[in-house]
Every structure is written in structure tokens, then in C-alpha cells.
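What follows is a set of notes on a single structure, which appears directly below.
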Amino acid sequence: MNPLKHVAIIMDGNGRWGLKYKNSRNAGHKAGLNTVEKIIKETIKNKINFLTLFAFSTENWKRPKKEVNYLFNLLENFLINRVEDLHKQNIKLKILGSKKFSSKLNKLLNNAEKKTSKNTKLQINLALNYGSKSELINAFKKIKKNKNIINEKNLSKNLQTRNIPDPDLLIRTGNTKRLSNFLLWQLAYSEIFFEKKLWPAFTEKDYSRIITEYKNIKRNFGKI
Ligand code: IPE
Ligand code: IPE
Ligand code: MG
């Protein structure tokens, strides 16, 4: 049975779900938040240490302003209402991506990170305004600035995911088979599951099924 320390998820399909069932993409984003809560619970149940959630990509700024605003409003409300409880559950919150948001949101994010920084049960990495290519470029720049040599260890150390093991498992919901600029370096040897279901329709049961399947895969890492 494979150990499972880190699950990464591309939570895709909110917009399509919202349009289909509520005639509004934004309603899909709201419903997607319920799935986030369910998946956090299930992650804890499975004693997984790291959960990385792709919530907003550097490319998602190209969406209509109304949708972008709605998403960040949802996030603000989530932080205001839920961080205390996450903290009580010994969950650590970390943001991946560059925090270039409104000063209100930046403050909420910084406070949430600070408050939960010593927690040890589960680390949730929220990828927000995250793009893997820019993360890699910044890592190379830092290596150059410090006059360090370029090798795998130094590159990993200069990514935002330093101190986080690479994902063992990547799940992308929403019936699309691509990485969309997510963790390109870190996913080099991850097991990848592309799920047909849209994120708001994804359940604990779907998640458990994938975990079980993952645990039984023969991971080779180049060996036989
Ligand atoms: C993923 O769902 C959530 C975000 C990118 C914020 P989408 O909004 O991409 O949903 P679809 O893919 O359009 O259905
Ligand atoms: C990936 O979904 C980003 C997030 C889930 C946050 P997108 O819906 O933005 O991906 P593309 O544009 O279809 O590749
Ligand atoms: Mg999408």
C-alpha cells in the first residue's frame, strides 16, 4: 500500500455545474465551497498531512470582473467565518501564489497564515493567483541572486512549496485532462486522476474511491 502524505486538487467545473443547475456560474462557485468543506473532513479522516487546493490561477484574471469579484468575496467570507474553526481543528493554512489582492484580503490571508502557522494536523495550501511557470522563474532568479548552483535541491528549496513534500496524488475534477499551469515541477511523479464529475458534484465517496485506487498503484519512480 502506498503511503499518502499529500493530495493536490484542481477543483474544476464550478461554472458548468452552476449554469446547468442554477443558471449562474457564480452559484457553482458557491456550491463548490461545500465540496471543499467535505473534502477537508475526509482528508483529516484519512490522516493525510497536506492538501493543496487550486482555487485561482494567474490566468483566471482573464474572466469577467463580476465572476472574479464574486470569487474573492466568497474567499473573504470563508476566511472571516471559517478560520477560527480550522485553527481549533489544528489545521495550518498556507497560501501559494502571489498575494496581490485588496488590502483587506491580503490582511485576512496573512492573519489566517499567522494564526494557524504552528498547527500540525493538516496543512492546507491554498493556491491563489498561483502559476507554476512564474513560481519556477522566481525560483531561478533567487538562485541566481544568491549565486547558488542550479540543481534539483536548490530549485525545490526556492519554490513556494519548500518544506512541503511533492504531491503523491493529483485529482482534477471537471472532465478536462490538463494541468493548467499547476505545480509543474512538483507533479513530476504524482499519480494523476482526471475525474468526470464537476467539482460541486464531487463527493467524499468519489474521493475515497480514488484514494483506495491510488494506494494500490505500483509506483515505480523509474525502477522496476
Ligand atoms: C474552477 O471552476 C474554479 C475556478 C477556476 C475558480 P471553473 O470556474 O473553471 O468551472 P468551469 O470549468 O468553467 O466549469
Ligand atoms: C484551473 O481551472 C484553475 C483552477 C481550478 C483554479 P481553469 O478552469 O482555469 O482551467 P482551464 O482554463 O480550463 O485550463
Ligand atoms: Mg474550468
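The values are calculated or read from the model by the stated rules, or taken from the named source; none is laboratory data. Predicted model, so just to flag it, every value in this text is computed and none were measured. Glycine gets a Cβ as well: all are built from the backbone with ideal geometry, and neighbour counts include every protein chain shown. The protein model used for the area step is the full one, side chains on, heavy atoms only, and it has no ligands, DNA or RNA in it. Shrake-Rupley method; radii C 1.70, N 1.55, O 1.52, S 1.80 Å.
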Cα-centred dipole magnitude for the range 6-215, charges only on beta-carbon of K, R (+1) and D, E (-1), debye, nearest 20: 620 debye
Could you state the accessible area per residue of the chain in Å², with a 1.4 Å probe and every protein chain left in place? 56 Å²
What is the sum of charges, Lys and Arg at +1 and Asp and Glu at -1, for the other residues whose Cβ falls under 13 Å from the Cβ of N106? +3
Please compute the modelled spin-label separation between N46 and V68, points set 7 Å along Cα→Cβ, answer in nm with one decimal. 3.3 nm
As an exercise, identify the trypsin sites (Lys or Arg not before Pro) in the range 106-200 lying in DSSP coil whose Cβ has no more than 16 other Cβ atoms within 10 Å. K118, K121, K147, R162, K177, R178, K196, K197
Which value, in Å² rounded to 10, gives the accessible area of W17 with a 1.4 Å probe and all protein chains present? 40 Å²
Ranking S103, S24 from most to least accessible area with a 1.4 Å probe gives S103, S24
Set the bar at 19 Å for Cα to Cα. Now go through K5/K196; K66/K197; K94/K218; K88/K114; K5/K41 and name every pair that lies beyond it. K5/K196; K66/K197; K94/K218
Placing +1 at every Lys and Arg Cβ and -1 at every Asp and Glu Cβ, with all other atoms neutral, what dipole size does the range 83-180 have around its Cα centre, in debye to the nearest 20? 440 debye
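Could you calculate the contour length gain from H87 to N110, that is, 0.36 nm times the residue separation minus the distance between their Cα atoms, to one decimal place in nm?
Between H87 and N110, full extension yields 6.9 nm more.
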Pick out the long, greasy-scoring helices in the chain: whole DSSP H runs spanning 27 Å or more along their own axis by Cα, mean Kyte-Doolittle at least -1.0. 25-45, 65-88
Which of the trypsin sites (Lys or Arg not before Pro) across the range 1-52 are loop residues per DSSP, with 15 or fewer other Cβ within 10 Å? K5, K47
Of all accessible heavy-atom area on the range 6-215, the percent that carbon and sulfur account for (1.4 Å): 52 percent
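Using alpha-carbon pairs under 8 Å, 6+ residues apart, how would you state the relative contact order of the chain in percent?
Details: 352 pairs, mean separation 67.0, N = 224.
After rounding, I find 30 percent.
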Virtual spin-label span in nm between N146 and K196, 7 Å along Cα→Cβ: 4.7 nm
Separation of alpha-carbon centers, the range 34-98 and the range 159-224, rounded to whole Å: 17 Å
